[in-house]
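The values are calculated or read from the model by the stated rules, or taken from the named source; none is laboratory data. Quantities reported herein were computed from a predicted structural model and do not represent experimental measurements. Neighbour counts are summed over all protein chains in view; Cβ atoms, including those assigned to glycine, are modelled from backbone coordinates with ideal geometry. Side chains are part of the model used for accessible areas, which takes the heavy atoms of the whole protein and leaves out ligands, DNA and RNA. Shrake-Rupley method; radii C 1.70, N 1.55, O 1.52, S 1.80 Å.
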Amino acid sequence: MRVVVLGVGNLIMGDEGLGVRCVERLAAAGALPAGVVTIDGGTSTHELLEDLEDLDLLVIVDAIAGAGAPGTLVRLEGERIPAAFSNKLSPHQHGINDLLANLQLLGRSPARVVVHGATPARIALGLELSPEIEAVLPALAARVVAEVVAAS
Amino acid sequence: MGTRIVIDPITRIEGHLRIDCEVDGGKVTDAWASGTMWRGVEQILLGRDPRDAWAITQRFCGVCTTVHAIASVRAVEDALAMPVPKNAQYIRNLMIAAHAVHDELVHFYHLSALDWVDVTSALKADPKATAALAESISAWPLNGVTVHAATKARLETLVGSGQLGIFANGYWGHPAMKLPPEVNLLAVTHYLQALEVQRKANKIVSILGSKTPHIQNVAVGGVSNPIALESQSVLSIERLLAVKAAIDELKQFITQVYTIDVAAVAAFYPEWTTIGKGVVNYLAAPDFPLDEQGTQFSTPGGYIPGGDLAKLQRITTFGDALLKDNVAESVKHAWYRGGKGPLHPYAGETVAEYTDHQPDAKYSFVKSPTFAGQPAQVGPLARVLVAAAVGDQAILKHLTRVLATVEAVGKIKVPLDGLHSTIGRHAARSVMCARNVEILEEQWGLLMANIAAGDVQTFEKPVFPSGETRGFGFHEAPRGILSHWVVIDGGKIKNYQAVVPTTWNAAPRNEADQPGPYEASLVGTPLADPERPLEVLRTIHSFDPCLACAVHLVDPARRDIVAVRAL
C-alpha cells in the first residue's frame with residue numbers, strides 16, 4: 001500500500017503554511033504507520049509528480065479558505081476535490097489542480113485522494129501560525145492519522 | 001476609440017499578474033503590467049542570522065526555490081569576502097544547472113506550448129504522417145507511429161469523457177493557431193514525454209540537495225554534503241553515477257526533442273520573429289563559478305544597451321562594480337511609499353502604499369528596476385545575446401543548430417535580429433537548456449576530478465565582523481538575473497532586498513515613465529479576436545512570468561480570466 005501525506009502551503013505567509021507545519025509535526029512525532037511517506041510540498045507542482053504516481057492513497061493537507069470560522073476543520077474526498085479547487089477554496093488550487101490533471105493524463109492518478117485542512121485565521125507575512133490554528137493543529141493531525149490508519 | 005482589455009490573472013502557474021491593453025485597429029497600442037499581490041517578503045529577514053536567510057528566501061517563490069537559496073548565500077559570502085571551496089561551487093553549479101534544465105523543459109511544454117499548439121486539432125492528425133514528419137527532423141527514438149497513435153487514443157479518451165483535464169482551458173480553434181494537425185499531435189506526444197523526462201532533472205537536484213522541493217544542503221561558506229566515495233550515507237560514487245545517468249537522458253531529449261520542437265514552432269509561426277520585441281537593453285549575470293572567489297565562470301554576463309552587441313559591458317566577477325553601482329528601483333508607479341527617487345537595493349525600502357489601479361500613477365506591486373537608469377530585459381535571450389557579443393561558441397553552436405532547423409522545416413531564414421521577439425525568447429531558452437545540460441556534464445567531470453585529486457572540502461566556516469558589512473549575490477536564474485542584497489550589522493541582517501527576474505521584466509513604468517519589458521513588448525501585437533487575446537498570452541508567457549513569488553492567495557470572488565470593456 002503506497003500512501004503519501006502531502007503538506008502544501010507557504011511557510012512565510014503565516015497560516016498559509018499550516019499544511020506543511022502539520023506534516024512536519026506528523027513526521028517528527030513518528031505518528032504515521034511505517035511506510036507512509038510525508039512530503040513538504042511547499043508551493044511546488046511538477047517537482048512532486050514522481051512522488052505522487054500510482055498511489056493507493058494521497059492525503060493533501062492544506063489551508064482551505066471560506067469553509068467556516070477560522071480553525072474550522074475540513075475534509076474533502078473524491079469528486080468534491082477538483083470542484084473545490086476550481087471554486088478556488090484553496091490558495092493552492094492552481095498547482096494542485098495541474099498536478100492531479102497531469103497525473104490523470106499519464107494514467108497514474110492516485111486511487112484515492114483526500115484533502116484535510118483548516119480555515120486559516122491570518123494569512124500575512126510571518127513564519128508563525130496564528131493561535132487559532134495552533135489550537136486546532138493537533139486535531140487536524142489526528143484526523144490525518146486516522147484517515148491513513150483506516151485505509152491501511 | 002479603442003478597446004481596453006484586461007487579463008487577470010495571466011500566469012498558468014504561480015502568481016498574480018494583470019495585463020491591461022489598449023487595442024485599436026486590431027493591434028495593441030499600449031499596455032500596463034501589474035503585479036497585484038504585495039511582495040514585501042524581505043521584511044521577514046530583518047534582525048535574523050544571515051546564515052539562516054537562504055532557507056527562508058527559498059520560500060519566496062513556489063517555483064524558484066533553489067535560485068533564492070543560491071543568491072542568498074552568495075550575498076552573505078560577498079559581504080564576508082570569503083572564498084567558497086571548489087567542491088561546493090561544483091555541487092551548487094550542478095544543482096542550479098539541473099534546476100534550470102527542469103524549469104526550461106517545464107516552461108516550454110507544460111506552461112507555454114499550449115499557446116501555440118491546438119490540442120483538439122491533434123485529434124485530426126494521422127499518426128503515420130506525424131511519425132514521418134518527426135523522423136525527418138530528429139533521431140529521437142520515441143517518435144514512431146505507435147507512440148503517436150497512443151497519444152491520439154489517450155486524447156480521444158479525454159475528449160470522450162468530456163473532461164479535458166489539464167487541457168480544459170485552452171484557446172482551441174482560435175484563428176491564430178496555425179500548426180497542422182500532425183505537428184499538434186507531435187507536440188502533445190512530446191508534452192507527455194517531457195512529463196517523464198523533467199523528473200530526471202529534479203532527481204539530480206534531490207540527490208545533491210537532499211530534498212526537493214526546497215534543498216537542504218546549502219550553507220554560507222559552501223555546502224553541507226560530506227564527500228566520501230565509499231559511503232552509503234553521504235555523497236557516494238553510487239549517487240554521483242546516478243546523477244550522470246540522469247544527465248545523459250536529459251541531454252538526449254533536449255538535443256533531439258526540445259530544441260527541434262521550438263524550431264518547428266518558429267518555422268510555422270515566422271511572423272512571431274517580428275512580434276514582441278519590446279525593451280532591447282539586455283542584462284545577464286555570469287554564472288557557474290569555477291574558482292573559490294568567483295572570478296571565472298562557464299557562462300558570460302554583461303549589459304547590452306539598445307540591442308547593440310558592440311556596446312556590451314562585461315560583468316565578470318562576484319561583487320562586480322558595474323552591476324553593484326548601476327542597479328536601482330523606482331516606486332513612482334508602484335504601490336510603495338516613495339518620493340526619494342530610484343533607490344539602490346542597499347537602501348531599498350518596501351513600505352506598501354496602495355491606491356487603486358491608476359495607469360497614470362500607481363498601478364502595480366512590482367517595483368521598477370533600472371540598469372544605469374534604463375529598463376532592461378532579462379532572461380535566456382539576454383544570456384544568448386551576451387554570448388553572441390563575446391563570441392561564446394559553447395552557446396552559439398546550439399543557436400546555429402536551432403536556426404538551421406528552423407530553415408530546414410520552414411524553408412525560411414531567420415536573421416539574428418529575429419531573436420528580438422516572442423519566438424526569439426523561446427528559441428534562446430532552448431539554446432540555454434542545451435548549454436545547461438552540457439554544463440551539468442562539465443561540472444560533474446570537474447567534481448569527480450577534484451575529488452580524485454584528494455580534495456574533499458565542501459565548507460568554509462563563515463566569520464562575522466562586529467561592525468556593519470554589506471554584500472550582494474547574483475545568480476543567472478532560469479528567468480534571468482536574480483540578485484540579493486544584504487546589509488549585516490553585528491552578525492544580524494539590517495536590510496535585505498531581492499531584485500528578482502520578473503521584477504525586471506514585469507516592471508511598471510519607471511521614474512522617467514519608460515515602460516517595462518512586458519509593457520513595451522506588447523505594443524504592436526496583432527489580435528485576431530480581442531475577446532480571446534491569445535496573442536497577448538503568447539508574448540507574456542515567452543518571458544516565463546513568475547509573479548507574486550508564492551504570495552498566492554486568490555480572491556475567491558474573482559473568477560474571470562479575461563474582462564473586456566470599452567474605453
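Points to keep in mind about this one:
- Restricting region A:46-70 to residues that are within 12 Å of chain B (Cβ to nearest Cβ) and among the aliphatic types (A, V, I, L, M) leaves a set whose member that is nearest to A:Pro138 (Cα to Cα) is A:Ala63.
- Counted residues, region B:139-166 - those being in a helix (DSSP H, G or I), at pLDDT below 90 and not polar (S, T, N, Q): 5
- Checked against (1) at positive phi; (2) at pLDDT 90 or above, B:Leu186 meets all criteria but (1).
- Subset of region A:100-134 (residues that are more than 17 Å from A:Gly19 (Cα to Cα) and within 11 Å of chain B (Cβ to nearest Cβ)): A:Leu100, A:Ala101, A:Asn102, A:Leu103, A:Gln104, A:Leu105, A:Leu106, A:Gly107, A:Arg108, A:Ser109
- Criterion violated by B:Arg39 - all others in (1) open to solvent by 20 Å² or more (accessible area, probe 1.4 Å); (2) more than 12 Å from chain A (Cβ to nearest Cβ); (3) modelled with pLDDT under 95 satisfied: (2)
- Against the list (1) modelled with pLDDT under 95; (2) in a helix (DSSP H, G or I); (3) not small (Gly, Ala, Ser), the condition B:Thr350 fails is (2).
- Residue match in region B:229-238 (condition: closer than 18 Å to B:Leu111 by Cβ and either open to solvent by less than 10 Å² (accessible area, probe 1.4 Å) or within 14 Å of chain A (Cβ to nearest Cβ) (or both)): no
- Total residues in region B:164-196, condition more than 12 Å from every other protein chain (Cβ to nearest Cβ) and among the aliphatic types (A, V, I, L, M): 7
- Condition check for A:Leu137: hydrophobic (A, V, I, L, M, F, W, C) and either within 12 Å of the chain's Cα centre (by Cα) or away from chain B (no Cβ under 14 Å) (or both): yes
To keep it simple, each residue is scored yes or no on (1) outside any helix (DSSP H, G or I); (2) within 13 Å of chain A (Cβ to nearest Cβ).
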| site | (1), (2) |
| --- | --- |
| B:Ala55 | no, yes |
| B:Thr66 | no, yes |
| B:Asn87 | no, no |
| B:Ile91 | no, no |
| B:Val101 | no, yes |
| B:Leu105 | no, yes |
| B:Asp118 | yes, no |
| B:Thr130 | no, no |
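- Among residues of region B:167-178, those that are over 19 Å from B:Glu156 (Cβ atoms) and either not basic (Lys, Arg) or not in a loop (DSSP other than H, G, I, E, B) (or both), counted: 6
- Selected residue [closer than 22 Å to A:Leu58 by Cα and open to solvent by less than 10 Å² (accessible area, probe 1.4 Å)] from A:Val114, A:Val136, A:Val149, A:Val145: A:Val114
- Restricting region B:191-215 to residues that are at pLDDT 90 or above and farther than 20 Å from B:Asn436 by Cα leaves a set whose member that is nearest to the chain's Cα centre (by Cα) is B:Tyr191.
- Comparison of B:Val279, B:Val188, B:Val257 shows that the only residue that is more than 16 Å from B:Asn93 (Cα to Cα), touching a strand residue (DSSP E or B) at 6+ places or on another chain (Cβ under 6 Å) and buried (at least 23 other Cβ atoms within 10 Å of the Cβ) is B:Val279.
- Exactly one residue out of B:Ala328, B:Ala372, B:Ala334, B:Ala321 is open to solvent by 40 Å² or more (accessible area, probe 1.4 Å), over 24 Å from B:Ile423 (Cβ atoms) and touching a residue at least 24 places away in the same chain (Cβ under 8 Å): that is B:Ala372.
This table checks each residue for (1) open to solvent by 60 Å² or more (accessible area, probe 1.4 Å); (2) modelled with pLDDT under 85.
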site	(1), (2)
A:Gly66	yes, yes
A:Pro82	yes, yes
A:Phe85	no, yes
A:Gly95	no, yes
A:Pro120	no, no
A:Leu129	no, no
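- Evaluation of B:Val218 against the conditions (1) open to solvent by 40 Å² or more (accessible area, probe 1.4 Å); (2) more than 22 Å from A:Asp54 (Cα to Cα); (3) within 24 Å of the chain's Cα centre (by Cα) shows that the sole unmet condition is (1).
- Yes/no for B:Leu123 being open to solvent by 10 Å² or more (accessible area, probe 1.4 Å), within 23 Å of A:Thr45 (Cα to Cα) and assigned to a helix (DSSP H, G or I): no
- Of all residues in region B:390-409, those satisfying the criterion of being in contact (Cβ under 8 Å) with a residue 40 or more places away in the chain, open to solvent by 20 Å² or more (accessible area, probe 1.4 Å) and within 21 Å of the chain's Cα centre (by Cα) are B:Asp392, B:Ala394.
- Flag for B:Ile137 being surrounded by 15 or more Cβ atoms within 10 Å (Cβ to Cβ), under 25 Å from B:Cys64 (Cβ atoms), among the aliphatic types (A, V, I, L, M) and away from chain A (no Cβ under 11 Å): no
- Across region A:19-27, not a single residue is classified as touching a Leu at 6+ places or on another chain (Cβ under 9 Å), small (Gly, Ala, Ser) and within 12 Å of chain B (Cβ to nearest Cβ).
- Restricting attention to region B:144-163, the residues being under 18 Å from B:Ala194 (Cβ atoms) and either open to solvent by 70 Å² or more (accessible area, probe 1.4 Å) or within 13 Å of another protein chain (Cβ to nearest Cβ) (or both) number 5.
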